[in-house]
Every structure is written in structure tokens, then in C-alpha cells.
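Colleague: Below you'll find the structure I mean.
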Amino acid sequence: MTIGLIRLAIFAAMLAVLALLEHCFPHRAWRTRQRERWASHAGLGLLSAAVPAALVRITPALAGAGAAAWAASHGFGLLNIVPLPGVWAIAAAILLLDLAIYGQHRAMHRWPVLWRLHAVHHHDHDLDVTTALRFHPAEILVSTLYKAAAAALIGAPVIAVIIHETLLSSMALFNHANIALPPRIERWVQPMLVTPTMHVRHHATVRAQHDSNYGNMLSIWDRLLGSYYPEPSVPKPFAIGLADTQRQRVTGMGWLLALPFHKPE
């Protein structure tokens, strides 16, 4: 079995398990029909999956693992200039790649041209495991090129890029799932890892909340870099999505693909 098939199998297994958990133990009631949302999100997911696959066929160095292999062969990047012992190099690269993803996510919210792409993800009125697929293909193109550049600049070992990409997709599914950890486990886990309870605040309609909690895997970046929004001691229900489309249908494939190029009504 190739690495690509292994990663796909892990992704599919995570998707199935989390979808089952949120069906049996949903943390929030859904506002829109799941079937409609899932069809649109699956369509976006398939289109987005084609982007890195096409880039790898054009030039392998345009995607993460290919860029890491190029950097290694040319002695390029931090960890190729200042080498560490094998396992330490892998660990350092995963940490730095996760920090790079945090930076990318923060930039998506800060720069208007990038926000127009990323807003496709945020207009969802609900949050469940399929929201992890709800990204515009143009954002995936930007993200793929950015991650390739990050992998090269870091000088990440190829295996570190593969591990990080697998963790990145798995944690995206977990963070968006409509579930909540038991409070005691949440208190132990959240200081280190991003949980669904932490990430759902990032999808609130209130800007101060959706411009926070940018982390995907490690929660320490938000805590260290001043973008952490703590859960209130007595949390109250809050709306998910963006304020300007709360009364609008936000699930059609055509609408989702056109959204970055037209202002919402």
C-alpha cells in the first residue's frame, strides 16, 4: 500500500468514526439539513483534493513532500543547514510546520484578498466533521504552495512532512466535529491540543471570537501569540457562521464556488 493510500485510509476512518460519534452524541442541534450540507462539502472536498494532485504531476516540488525532497537534495532550509539527529529533526520540523499553518490561518483572516477565499469555510451555519472539507479550491491552491515553501524553508525531512500532513487532516476533522470532550478530559487536553470546544469559538459570528483560536493541532501557538479566546466559565449558546449571511442559504455548490468573486447579498 502506498503512502497516499495509507493517508486516505486514515482520513476515511477518522471521518467515519467522528461522523458516527456526532450522530450519536451531537453537542449542538443542526440548523440546516445535513444531507444538503454534506453533498456540497463533499463536492468541495473532491475539487480541493484535485489541486495538490495536479501540482504534484506538474512539478513535485510545488507540494510539501516534493519540496522537502528538493530542499534535502540541495542542502536548502534551516534543518539542512543546522542538522539535528533524526528523531529530533522530525519533531522540530513537525512543530515548525504546525506554527507555519497557524501563521497561514492568521493571514487568511487578516488580509482581505485571502479572507475572501477563506470566508467560504466560515459562512457555514453549522459545524460538523464535513466542515473540514468546506474550503474553496483556490484557497487549497494557495495553501498547497504555502506549505511547500514552508517545508523547503524549514528543511523538513520528507517523513516529517508526511506525518504532519496526516496529523493536519486528522485534527481538522476532529476540531470541526459536532462533539465535545467530557469536561475533565477537556481541561487536561486543551492546554496542549486544539479541541472541538476550543475551535467552535473560531466559527462564532462575533468577530473577536472568529478572529481567534487559529491553531489546528497545538493550542500553544494561540496562547503564546495572543490569539487565544478562552471558553467562558458559564458558556451560553452562540450563532455559528458570519453575520451577513445568517438569513441566507449558504450550501449550494455554485454559490460556494462563486462566493470569493461576488459580495454576499
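Colleague: Being within 14 Å of the chain's Cα centre (by Cα) and in a loop (DSSP other than H, G, I, E, B) is the filter; apply it to segment 114-146 and report the residue that is farthest from residue 197 (Cα to Cα).
Modeller: Checked segment 114-146; the qualifying residue farthest from residue 197 (Cα to Cα) is 136.
Colleague: Quick one: what pairs do we get from segment 127-149, first residue closer than 14 Å to residue 48 by Cβ and open to solvent by less than 20 Å² (accessible area, probe 1.4 Å), second in a helix (DSSP H, G or I) and basic (Lys, Arg), C-beta under 7 Å, 6+ apart or different chains?
Modeller: If the second residue must be in a helix (DSSP H, G or I) and basic (Lys, Arg), the pairs left are 130/37.
Colleague: When the residues of segment 75-106 are narrowed to those that are farther than 20 Å from residue 222 by Cα and aromatic (Phe, Trp, Tyr), which ends up surrounded by the fewest Cβ atoms within 10 Å (Cβ to Cβ)?
Modeller: Per the criteria, the residue is 88.
Colleague: Restricted to segment 201-239, and to residues that are β-branched (Val, Ile, Thr) and over 16 Å from residue 109 (Cβ atoms), which residue is surrounded by the most Cβ atoms within 10 Å (Cβ to Cβ)?
Modeller: Within segment 201-239, the match that is surrounded by the most Cβ atoms within 10 Å (Cβ to Cβ) is 220.
Colleague: Starting from segment 202-214, keep only residues that are modelled with pLDDT of 95 or more, then list their pairs with residues that are assigned to a strand (DSSP E or B) whose Cβ atoms are within a distance under 6 Å, requiring at least 6 positions of separation or different chains.
Modeller: 203/240
Colleague: Determine if segment 31-52 includes at least one residue that is hydrophobic (A, V, I, L, M, F, W, C), open to solvent by less than 60 Å² (accessible area, probe 1.4 Å), more than 26 Å from residue 259 (Cα to Cα) and in contact (Cβ under 8 Å) with a residue 24 or more places away in the chain.
Modeller: No: segment 31-52 contains no residue that is hydrophobic (A, V, I, L, M, F, W, C), open to solvent by less than 60 Å² (accessible area, probe 1.4 Å), more than 26 Å from residue 259 (Cα to Cα) and in contact (Cβ under 8 Å) with a residue 24 or more places away in the chain.
Colleague: For segment 53-65, give me each residue that is in contact (Cβ under 8 Å) with a residue 12 or more places away in the chain and open to solvent by 50 Å² or more (accessible area, probe 1.4 Å).
Modeller: Across segment 53-65, the qualifying residue is only 62.
Colleague: Looking at 68, 72 in this structure, which one is open to solvent by less than 50 Å² (accessible area, probe 1.4 Å) and touching a helix residue (DSSP H, G or I) at 6+ places or on another chain (Cβ under 9 Å)?
Modeller: 68
Colleague: While we're looking at this one, here's another question. Please verify whether segment 175-186 includes one or more residues that are buried (at least 17 other Cβ atoms within 10 Å of the Cβ) and over 28 Å from residue 95 (Cβ atoms).
Modeller: yes
The values are calculated or read from the model by the stated rules, or taken from the named source; none is laboratory data. It should be emphasised that the depicted structure is a prediction, and the values quoted were computed from it without experimental measurement. Note: ideal-geometry Cβ built from the backbone for every residue, glycine included; neighbour counts use all protein chains shown. Protein only, heavy atoms only, side chains kept; ligands, DNA and RNA dropped before computing areas. Shrake-Rupley method; radii C 1.70, N 1.55, O 1.52, S 1.80 Å.
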